[in-house]
Each structure stands twice: as C-alpha cells, then as structure tokens.
Amino acid sequence: MNMQKSEITRALVLGGGGVTGMAWEIGVLCGLVEAGMNPQMANAIIGTSAGAFVGAAVASGYDMRRYYRQQLQINAAEPAVHMSRELYEEWIEAFRRGGSNRDKVGAEFGAIALRHPEPVSASLRRSVVDARLVTQTWPSTLQVTAIHAATGALHLLDEFSGLSLSDAVSASGAVPGIWPPVALNGEIWIDGGMVSAANARMAQSYNRVVILAPMPHGYGAIPGAAEDAAALQADGAQAVLVTPNPESVNAIGANPYDPERAAAAAMAGREQSRQIASLILEMWQLV
C-alpha cells in the first residue's frame, strides 16, 4: 500500500510471542483503549503469528475489555506445548545457515517444518485456531504475515489473498516443529515470525506506527524490533515500540506456549500500558 508521507497514515504492528505474548498484547491494548486510544483509526493492522489472532480481534472492532477478561480464564482448547532440545538445535542451525538473508532463513525453517509435518495433530491445531479467533470475517484493515516454506519469502496476506481468515492466521502462527505447516492452494506456509518476531518493517508505508513486540530481540543475524523501529524513524515515520518491561517478562515466563501463564501476562500488559499510554495517545490520536 503506497501512501503519501504528507498524509496521516497509521499502522498497528502486533508481533508474535506464543499464547503468553498474545495475552500480553491483549492486556496492553485493553489498557490503551481504556486510556482513550482508538485502534480503529489504523489504516493497517499487521499481525505476525500470535499477533495475527490479536490483530483479527482489533481490526474487527472486538471489545478489548471483553477480550482481556477472556485471557484471565484458562482456555481448555489451548494445550501446553514446548520446544525440545533437538528442535532448538535445528533452529540455531537454521539461523546459522541463513545468516542475514531473510529468504534463506525462511527456507531453512520451511525445511524444518517439512521434517516435522505434524508435531501435534491437524485437528488439535484447528481447535486451537478456532478457539483463539473471535471472528471468521476478514477485516479490511488486517494483514497477516506468513512465510512460503519452499522459497522462504515473507508474504502479507489480506482479504484479497483468496484464503479464509482462519487459514491465514493458522499459517501465520505455524511455528516449525511446534505447530503443523499449513497447505493452502498447493502451497505450504509457516509462521511469519521466523524472519522477524514483529516484522515492523512491513509498516514502512505508514507514518505513525505503534509496535507491540512480545519477543523484541533479533534472531541470529536478523535485526530485532528496535532496529526495525529505528529504520522506520529514519524514513520519517513516528514509531513507538512497546516491549515487555521486567514485570511483564517475569509474568510471561520462559515458555511462550504455556497457557497457564496467559492470565499473568495479560494483567502485566494492562498494568504496563499505564506507563506508556500518554506517549502513544499523543502520537496516535493527533489529527
């Protein structure tokens, strides 16, 4: 989407971070809405992995206070999963082999996904996706990232991609070796967060950008969220990056896929939002 820099154009970027990162983002957004932020002012909401689910809710106009309250209850459809040592070593090797080439990194992770085609059953994954999604209708402002497993290229999927919202967010969150890769129209897709947990650079067409990054650090030679935010600022955008503060880091815990940590992560995010609300509102709401 190409827009004149003289226009006021807004993007909300929601990064990946497992079920705990998802809950943290919901808590932060709930607090920002309570402080007076209107997320519906966004021209684009760009979601990666867990952020794709949150983005679908925000873009559809779902009540963020209700969404927050839902995080305080254990979701029976959400299994506790974890990364094995062997899988961790495969990930490290993928980053080493891919280096600073994002497409190469993406293709390396595509190969990992194909070596582990069903770490959990497809039916279980579908039940998790359906339980997380609050709408089945593509919101017009929502874009979600996913990686083509064969080429490693990062794509932005939207309502014109020919995919259902459920399929698109499932692809965006298909963490290699954790969740199954997603086959759609003869192509295989994996988690958009494997080449950047937030993919904030995808908001380069917008001049006011709020980035929520539960996992802000870079991977191997791939820059992290702070570097992406700095690049947006260097290009003339006003960009605010929000990452978990120490209290939120503690609440999120070591395993981003542990649903028992979701409530604590959501509460920490909501509390953290009070510290950053005035800064974000000043930039976001000004017309």
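The values are calculated or read from the model by the stated rules, or taken from the named source; none is laboratory data. Note that the structure is predicted; figures quoted are calculated from it, not measured. A quick note on method: Cβ atoms are made from the backbone with ideal geometry, for glycine too, and the neighbour counts reach across all protein chains shown. We work out accessible area using only protein heavy atoms, side chains counted, and drop any ligands, DNA or RNA first. Shrake-Rupley method; radii C 1.70, N 1.55, O 1.52, S 1.80 Å.
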Comparing Ser273, Ser166, Ser100 in a Gaussian network model of the chain (Cα, 10 Å), the one with the largest mean-square fluctuation is Ser100
The correct ranking of Val249, Val195 by accessible area at 1.4 Å, largest first, is Val249, Val195
Treating only Lys and Arg (+1) and Asp and Glu (-1) as charged, each at its beta carbon, one finds that the chain has a dipole about its Cα centre, in Debye to the nearest 20, of 260
Could you identify which residue out of Met83, Met41, Met194 has the top mean-square fluctuation in a GNM of the chain using Cα springs shorter than 10 Å?
Met83
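Probe radius 1.4 Å, ligands and nucleic acids ignored: give me the carbon and sulfur share of the accessible area of the chain as a rounded percent. Don't jump to the answer; show the numbers that get you there.
Details: 5980 of 11810 Å².
Ligands and nucleic acids excluded, carbon and sulfur reach 51 percent.
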Tell me the relative contact order for the chain as a rounded percent, counting alpha carbon contacts under 8 Å between residues six or more apart.
30
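For the chain, what is the calculated [θ] at 222 nm in deg cm²/dmol (nearest 500), taking -39500 (n - 2.57) for each run of four or more DSSP H residues and dividing by its residue count? Let's see the in-between values first.
Details: 10 runs with 123 residues, N = 287.
After summing the helix terms and dividing by residue count, I get -13500 deg cm²/dmol.
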Expected max-MSF residue from Thr137, Thr145, Thr20 in the GNM of the chain (alpha carbon, under 10 Å) is Thr137
Compute for the range 38-179: radius of gyration divided by Kirkwood radius, i.e. Rg/Rh, restricted to C-alpha atoms, rounded to two decimals.
0.99
Report ³J(HN,Hα) in whole Hz for each residue of the range 273-281, in order, from the Karplus equation J = 6.51 cos²θ - 1.76 cosθ + 1.60 where θ = phi - 60°; Gly and Pro get x.
4, 5, 7, 10, 4, 5, 5, 5, 4
For the chain: accessible area per residue (Å², 1.4 Å):
41
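Using only the alpha carbon atoms of the range 1-120, find the Kirkwood hydrodynamic radius as the inverse mean reciprocal pair distance, in angstroms to one decimal. The partial results should precede the final answer.
Details: mean 1/r = 0.0590 Å⁻¹.
For the range 1-120, the Kirkwood estimate is 16.9 Å.
Expressed in nm to one decimal, what extension gain is obtained for the pair Arg274 and Asp235 from 0.36 nm per residue of sequence separation less their Cα-Cα distance?
11.2 nm
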